[in-house]
Amino acid sequence: MLNPPNPHILERFFFDWVVKSDGGSESIISWFNSLPWMYAKSSVNSLLHNSINALANAGYAQRFNCSKALTEAAEWYGESIHMLQNTLSSNVGLASNQDVMASIVLLCMYELLIDESVALEGCWVSHLGGATLLLKMQGQETTEESSAALEEVSMVIYLQMIHNSLLTGQAPSVPVNELKLRKLPHIDDHMELIYKAACLCAEWRTALFLPQSEHGWKQLSIIAGKAMSLDKQLEEWSWSLPSSLRCTVEAISINSQPEWFKPLLIGTWTPLNTHNNPSLTVKIIWRFYWQVRLILNQALLFTNSILERSETIINPISSHQKNIESRIVSFVDRLCESCLSTFVVDTTKHSRHYRTEDIPGILGYLLMQGLPTIGLCLEQVVLVDFDLSSRKDWLAKMKRFLRNTLGVGKGAAAKEPSQYGKIPIQIWGL
């Protein structure tokens, strides 16, 4: 018999995960804001009720080191998984059941927070089963109510799936044109471009496993040309954005920040700037933009080292190596700045006594979209004109901060580059 939910833990959960959105109709995470309403209308011991309690207890246990909450989280989770299995096996009304969709998302989030074995360096591997199921539900009949909820959930889940595809070099499970989403200027273009990048990475990984021969090198040369063209398209996309989607950059004032934050601002290397975004949605979009370009350029750098061995194949990368290395450093720095700016205290809204307890947990959770890419790249690339060691040190400091402050500790240990197989590009070699 499950214990009654702890009101204090639930209160903390809604504080951590309900983010007031200022992104208007373009917000893609406003689904989280409906969690209190969904919980209030759910029946006691229903699938959604139990799933929310599982994640609430897990988040509280991780953040405040509460063993009792961790035990109860596991009990809520076990009951939820059992109920979800029964629901899915019945295959009745899946797509029209908003609670089922919400529960899948919540249970995937639970896995990501709790089970360090399900994901390498914080990637979204644990989401893929539920994510694929959710996205494929869209071909079924939906009610008007569930369509709106599905749109919110689909965008969040789809970006997570794309993130995993980029890290692993595996093709996305669901094409972007199958998403039932309203067309949003610029965001729609962004989704198309990162989907193309994920598909190209899958093609690229396959070519890298081919035997080294003139045929294999020719394939890599063609793919490298496509990647350079796609990288250019991504850059051009960033030039065309309206102010509502732009990221503005300004220098950090160290003295205005609280004491608990200053260790991240002091060291051999630290991010120089903070980012201001119109909404959390825009922050997520820009993180994906920098990640995609970082991975494309990391793959170009490694491919260049292979094509240099051929005396007959045209190498489209060779004359661009210095620019590629500069872009890699730039994108690493932008991603580090984006991660850091999550915690920069706006002194016009908060006092300098703003506490770590005041940081919503979702902000740490969303950093797991950026940290894996940065960490893997820094472990794998060797640049001629840049020493990346101080950036590695800073990233390790950020990971310790996340673990000690927010309870987000997945992927805290770095791996040796040799552990990534024959292809040192993210986890393409595994």
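The values are calculated or read from the model by the stated rules, or taken from the named source; none is laboratory data. This is a predicted model, so every value here is computed, not measured. Heads up, the Cβs are rebuilt from the backbone with ideal geometry, glycines too, and the neighbour counts pull from every protein chain shown.
Brief remarks follow.
- Restricting segment 260-284 to residues that are modelled with pLDDT of 90 or more and in a helix (DSSP H, G or I), the residue that is farthest from Asn323 (Cα to Cα): Trp260
- Residue in segment 346-353 that is closer than 30 Å to Ser229 by Cβ and not aromatic (Phe, Trp, Tyr) present: no
- Among the residues making up segment 242-268, those that are touching a helix residue (DSSP H, G or I) at 6+ places or on another chain (Cβ under 9 Å) and closer than 22 Å to Phe288 by Cα are Ser244, Leu245, Arg246, Cys247, Val249.
- Selection of segment 232-257 for residues being more than 24 Å from the chain's Cα centre (by Cα), in contact (Cβ under 8 Å) with a residue 60 or more places away in the chain and in a helix (DSSP H, G or I) yields only Ser256.
- Neighbours by Cβ (under 7 Å, 6+ apart or cross-chain): first from segment 260-272, among the polar types (S, T, N, Q); second at pLDDT below 95: none
- Residue within segment 360-380 that is charged (D, E, K, R) and at pLDDT below 90 present: no
- Here segment 37-60 is the region considered, the condition is being surrounded by 24 or more Cβ atoms within 10 Å (Cβ to Cβ) and of a type in the set (Ser, Thr, Tyr), and the residue that is farthest from Gly361 (Cα to Cα) is Ser51.
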